[in-house]
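The values are calculated or read from the model by the stated rules, or taken from the named source; none is laboratory data. Predicted model, so just to flag it, every value in this text is computed and none were measured. Here Cβ is always computed from backbone atoms with ideal geometry, including for glycine, and neighbour counts include all displayed protein chains.
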Amino acid sequence: MKKSERDLIEILLKNVINMHEKLNIMIDFMAQEMNEEEYSRKFYKDEDKLVDIDKNTYETMCDLMGTGHIPFMGIA
């Protein structure tokens, strides 16, 4: 299904607005005493999640990618 030009512009504008919101949260984090958990909760909204994964599993995957034993596409 081919998207109309209007749909593509709407998607682009939503992405720009989302990026702007995330930048504001990061600026607030740097300007205030916001702990990491509060920052993560504000920055990573539920609608942005592609998959639900716990923090330990995520960190393990990052460590495995960092060692070169498993490439990124192997995890993806």
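Pick out, from the chain, the helices (runs of 4 or more DSSP H) lying fully within it that include 3 or more residues that are within 12 Å of the chain's Cα centre (by Cα), surrounded by 10 or more Cβ atoms within 10 Å (Cβ to Cβ) and at pLDDT below 80.
Numbers: elements: 5-31, 36-43, 55-67, 72-75.
Per the criteria, 36-43.
Write out, first by first residue and then by second, each pair whose Cβ atoms fall under 6 Å of each other, whose residues are 6+ apart or on separate chains, and whose first residue, in the stretch 17-32, is without any contact (Cβ under 8 Å) to a residue 40 or more places away in the chain while the second is surrounded by 10 or more Cβ atoms within 10 Å (Cβ to Cβ) and of a type outside the set (S, T, N, Q).
Ile25/Lys42; Ile25/Phe43; Phe29/Tyr39
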